[in-house]
Each structure stands twice: as C-alpha cells, then as structure tokens.
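Scroll down for the structure; my scribbles are underneath it.
The values are calculated or read from the model by the stated rules, or taken from the named source; none is laboratory data. All of these numbers come straight from a predicted model, not from anything done at the bench. Positions of Cβ are generated from backbone atoms using ideal geometry, with glycine treated the same way; all protein chains shown enter the neighbour counts.
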Amino acid sequence: MASVERSHMGKIERGEHVPTLALALKIAKALGVSASDLVRETERALPKTYRA
C-alpha cells in the first residue's frame, strides 16, 4: 500500500533500516494514521533505553 519493497519494509519493521522522512510519511498515509501518531507508537514500542 505504501509502494515499499517488501524486503525493505521488513528491515524497517525489524529496526535494521531507518526510513527517510518521505518514506515515513508514505507509510503513515498507507496505514491511515498521521506521521506524528506513527512516530509516537513507534517510540512506545522501543525499549526504554532508546527513548528520548
């Protein structure tokens, strides 16, 4: 839905790649959420040692 290669999306999901801002916006749009909600939920899923 976001026009992202399946293998690349998997690497993003596993934390092996960090998406560009443009790609993060495309992913958020495909998921039907705002980019800020996507970032917020991603931060919540991170271990506490990685949080700001």
Seminar exercise, completed: Restricting region 1-43 to residues that are of a type in the set (S, T, N, Q) and at pLDDT 90 or above, the one farthest from the chain's Cα centre (by Cα) turns out to be Ser7
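From the list Val18, Val4, Val39, pick out the single residue that is among the aliphatic types (A, V, I, L, M) and in a helix (DSSP H, G or I).
Values: Val18 fails: in a helix (DSSP H, G or I); Val4 fails: in a helix (DSSP H, G or I).
On inspection, the qualifying residue turns out to be Val39.
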For this session: Just give me the residues in region 18-33 being surrounded by 11 or more Cβ atoms within 10 Å (Cβ to Cβ) and closer than 16 Å to Ala45 by Cβ, in sequence order.
Result: Pro19, Ala24, Ile27, Ala28, Leu31, Val33
For this session: Could you tell me whether Ser36 is among the polar types (S, T, N, Q), without any contact (Cβ under 8 Å) to a residue 24 or more places away in the chain, at negative phi and in contact with a helix residue (DSSP H, G or I) (Cβ under 9 Å, 6 or more places away or on another chain)?
Result: yes
